[in-house]
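*Asks:* Sharing a structure with you now.
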Amino acid sequence: MSQDVVIETRNLTKVYSDFWGRPKVQALKALDLQVHRGEIFGLLGPNGSGKTTTIKLLLGLLFPTTGDALIFNEPTSNVAKNERIGYLPEESYLYKFLNAEETLHFYGRLFKMSSATRTKRVGELIDMVGLTAAKHRQLREYSKGMQRRIGLAQALINDPELILLDEPTSGLDPIGTAEIKELIRDLRSRGKTIVLSGHLLADMQDICDRIAILHRGELKEMGKVSDLLTVQDITQIKTRDLSDAALQEIRDVIARHGASLVAVDHPTTTLEELFLRIVRESDQHPGRRRVADRPGQPATKAPADGVAASRK
């Protein structure tokens, strides 16, 4: 595992069983992916696609049925790694009778932070998430959006290297959403690695460097957002000061007519269109899944009965 790789999963599979130990639901099937240091990585998928299961497996809250998961080149069962991780669950479990300051001091003590360090960190985080005016109010008086903000602050109390965020903008208004997205970008600029889980496609498209789309527990697509959204079979040309006559010409004629070539590239689709297409294709071809890229090899699609190749 390269030092540049913060998270790696190999053939990661999770099957939930019933009371008698019989397989009931396959929540995740042979997931292969890598998350690199300093990037914002998005896990996308409809409800029940395996996003939250993946995060819980990475945190060691669940154990895989088969396969491996590594964080910082250590097995996820190694609890010492959690000191370097920040986690915002889909539903934050907070003590409603505490206020914002008391909440962050409580979690700071769990990390054995000194009083002076705690006080400085708590003040910075409350200001960072925009709760300065409400820092003395009990959390039971907070709106859902305010609870997401204090939950994010709690996830950052230990100044983590890796931050796992499950639906970080849920319950926020457009202004709050924009502020949280800007905060996430700022965290990346500080060298943090962020993994987002969600289904708010516009938000993910705005801030993610790479995404993985899951459906029914299987990896359907993965790559850079810009690459996935580029429509490769259509080319668009943008020019400046082009005459009507030159509209019928191509590159060399553009120069001959005295116009400047601004860009020749491919138009892009939207993350929503890509997501819906992948989900529809997945429903039409059950069992077809994406095999993770190998160095020097193009991305491939596994057949319905395919099994992910094990890494050597």
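*Asks:* Quick one: count up the residues across the stretch 40-58 that are touching a helix residue (DSSP H, G or I) at 6+ places or on another chain (Cβ under 7 Å) and surrounded by 19 or more Cβ atoms within 10 Å (Cβ to Cβ).
*Replies:* Final tally of qualifying residues: 5.
*Asks:* Got at least one residue in the stretch 267-283 being among the aliphatic types (A, V, I, L, M), surrounded by 12 or more Cβ atoms within 10 Å (Cβ to Cβ) and modelled with pLDDT under 70?
*Replies:* Checked against the condition, which is being among the aliphatic types (A, V, I, L, M), surrounded by 12 or more Cβ atoms within 10 Å (Cβ to Cβ) and modelled with pLDDT under 70, the stretch 267-283 yields no hits at all.
*Asks:* Next question. Kindly indicate the residue of the stretch 119-155 that is of a type in the set (D, E, K, R) and surrounded by fewer than 20 Cβ atoms within 10 Å (Cβ to Cβ) and also farthest from the chain's Cα centre (by Cα) among those meeting that condition.
*Replies:* Among those that are of a type in the set (D, E, K, R) and surrounded by fewer than 20 Cβ atoms within 10 Å (Cβ to Cβ), it is R137.
*Asks:* Next up: Counting just the residues of the stretch 76-106 that are in a helix (DSSP H, G or I) and within 20 Å of V195 (Cβ to Cβ), which one comes out modelled with the highest pLDDT?
*Replies:* Across the stretch 76-106, the extreme among qualifying residues is R84.
*Asks:* Examine the stretch 80-87 for a residue that is of a type in the set (G, A, S) and touching a Gly at 6+ places or on another chain (Cβ under 9 Å), and state whether such a residue exists.
*Replies:* No, the stretch 80-87 contains no residue that is of a type in the set (G, A, S) and touching a Gly at 6+ places or on another chain (Cβ under 9 Å).
*Asks:* Going through L12, L28 one at a time, which residue ends up being in contact with a helix residue (DSSP H, G or I) (Cβ under 9 Å, 6 or more places away or on another chain), part of a strand (DSSP E or B), in the same structural domain as L214 (by TED's automatic domain parsing) and touching a residue at least 60 places away in the same chain (Cβ under 8 Å)?
*Replies:* L28
*Asks:* The conditions are (1) at pLDDT 90 or above; (2) more than 23 Å from M222 (Cβ to Cβ); (3) of a type in the set (S, T, N, Q), and T193 fails exactly one of them. Which is it?
*Replies:* For T193, the exception is condition (2).
*Asks:* Let me ask another. Would you check if T239 is surrounded by fewer than 13 Cβ atoms within 10 Å (Cβ to Cβ) and among the polar types (S, T, N, Q)?
*Replies:* no
Okay, residues lined up against (1) within 30 Å of G48 (Cα to Cα); (2) at pLDDT 95 or above:
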site: K144; (1), (2): yes, no
site: L152; (1), (2): yes, no
site: D159; (1), (2): no, no
site: L162; (1), (2): yes, yes
site: T169; (1), (2): yes, no
site: L172; (1), (2): yes, no
site: K181; (1), (2): yes, no
site: R185; (1), (2): yes, no
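*Asks:* Would you confirm whether any residue within the stretch 214-223 is closer than 22 Å to G86 by Cα and among the small types (G, A, S)?
*Replies:* There is no residue in the stretch 214-223 that is closer than 22 Å to G86 by Cα and among the small types (G, A, S).
*Asks:* I'd like the full set of residues that are touching a residue at least 24 places away in the same chain (Cβ under 8 Å), within 19 Å of D159 (Cβ to Cβ), among the aliphatic types (A, V, I, L, M) and out of contact with any Pro (no Cβ under 7 Å at 6 or more places or on another chain), limited to the stretch 59-95.
*Replies:* The answer is L59, I71.
*Asks:* Follow-up. What about F41, is it of a type outside the set (V, I, T) and closer than 20 Å to L200 by Cβ?
*Replies:* For F41, the condition - of a type outside the set (V, I, T) and closer than 20 Å to L200 by Cβ - is met.
The values are calculated or read from the model by the stated rules, or taken from the named source; none is laboratory data. Please read all numbers here as calculations on a predicted model, not as lab measurements. Because the Cβ atoms are built from the backbone with ideal geometry, glycine has one as well, and the counts that use them run over all protein chains shown.
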